[in-house]
Amino acid sequence: MPPKPMEPLARKLMKGVIAVEVLGVLGAYALFHRMNNSSEFRNTMSNRFPSVLEASVLLSSVYYRSNEWAGVYGTRERDQEAWAAKRH
């Protein structure tokens, strides 16, 4: 029985979807890793894209909240103190 004509196309599409998902996960990890290691980068992200660090009231803060879920506390307060000292 010959293969169905849509089967190769479906495989290519599935491989493409998986590749995009893997790239998305790697990109999210790279962004989190950079934010986790650099207060300056968090400040830049806070100024340019406030929703990344401080989402709406319903979402609270994405980066800081994920750290708190992991048991890492005080990052938000240390960042705010450091940024306030730079502004003055």
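The values are calculated or read from the model by the stated rules, or taken from the named source; none is laboratory data. None of the values given here were measured: they were computed from a predicted structure. FYI the Cβ positions are ideal-geometry reconstructions off the backbone, even for glycines, and counts take in every protein chain you see.
Some observations on this one:
- Inclusion of Val22 among residues that are of a type in the set (A, V, I, L, M, F, W, C), at pLDDT below 85 and over 20 Å from Lys86 (Cα atoms) is not warranted.
- From the list Phe41, Phe32, the lone residue that is at pLDDT below 85 and either touching a Phe, Trp or Tyr at 6+ places or on another chain (Cβ under 9 Å) or surrounded by 10 or more Cβ atoms within 10 Å (Cβ to Cβ) (or both) is Phe32.
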